[in-house]
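Below is one structure, written out as structure tokens; the observations come after it.
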Amino acid sequence: MATTSYAIALGSNRRHVRHGGPEGVVRAAVAALGELGEVEGVSAIHRTPALGPAGRSFANAALLLASELPPLELLAAIKRIERRFGRRPGRRWGPRVLDLDIILWSQGAFRAPRLAIPHPEMARRDFVLRPLAEIAAEWRDPLSGRSVRQLAALRTRNRS
């Protein structure tokens with residue numbers, strides 16, 4: 001497969017014995033994702049309140065990755081990275097050492113039983129859109145046609 005680009009969301013709200021607090025976990029995850037291709041851009045790390053029962057606030061960021069891996073192989077690889085960082089299956093919305101999600105793909109939409117690109121919740125998540133807008137403001141949601149910048153502005157307007 002030719003090299004394509006992915007937008008990946010990163011999040012953490014638990015300490016890691018080796019990488020420290022959530023910000024350290026996110027920085028270490030950026031380096032680990034670099035093993036899967038070329039990191040083309042990384043947003044700032046944002047502190048965001050937890051949704052649901054996760055409790056502690058999260059450190060969130062976004063990353064652009066150029067990779068030869070097709071979507072399902074990239075998903076398997078990022079799940080291995082999560083496990084390497086100590087992620088274990090648990091309740092939805094619970095605390096986690098590392099959460100990695102494929103948000104967008106330069107080739108458009110993709111659907112499979114375990115993966116949907118664009119991420120189905122992307123347009124409703126400030127903690128995804130704000131960091132992503134820093135590094136991929138002009139990328140477009142292939143389903144709505146809106147840019148990341150437009151989606152982030154809509155979220156901001158709807159919160160007011």
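The values are calculated or read from the model by the stated rules, or taken from the named source; none is laboratory data. All figures in this text were calculated on a predicted structure; none of them were measured in a lab. Cβ placement follows ideal geometry from the backbone for every residue including glycine, while neighbour counts extend to all protein chains displayed.
Confirm whether W105 is modelled with pLDDT of 95 or more and under 25 Å from A32 (Cβ atoms).
On the way: modelled with pLDDT of 95 or more: yes; under 25 Å from A32 (Cβ atoms): yes.
In short, yes.
Among all residues of the stretch 50-61, there is none that is part of a helix (DSSP H, G or I), among the hydrophobic types (A, V, I, L, M, F, W, C) and surrounded by 20 or more Cβ atoms within 10 Å (Cβ to Cβ).
Take the conditions (1) at pLDDT 95 or above; (2) buried (at least 16 other Cβ atoms within 10 Å of the Cβ); (3) of a type in the set (A, V, I, L, M, F, W, C); (4) in contact with a Pro (Cβ under 9 Å, 6 or more places away or on another chain); W139 misses just one of them, which is (4). Within the stretch 95-115, the residues that satisfy the criterion of being over 14 Å from H16 (Cβ atoms), among the charged types (D, E, K, R) and out of contact with any His (no Cβ under 6 Å at 6 or more places or on another chain) are R111, R114. When W93 is tested against the conditions (1) at positive phi; (2) at pLDDT 95 or above, the lone failure is (2).
Counting only strands (runs of 3 or more DSSP E) that sit completely within the stretch 94-160, those holding 3 or more residues that are not charged (D, E, K, R) correspond to 99-105, 115-117. Evaluating L69 against the criteria (1) within 17 Å of V39 (Cβ to Cβ); (2) at pLDDT 95 or above; (3) in contact with a strand residue (DSSP E or B) (Cβ under 6 Å, 6 or more places away or on another chain) leaves one unmet condition, (3).
With the requirement that a residue be farther than 25 Å from L115 by Cβ, modelled with pLDDT under 95 and assigned to a loop (DSSP other than H, G, I, E, B), what does the stretch 1-49 give you? Within the stretch 1-49, R15, V17, R18, H19, G21, P49 qualify.
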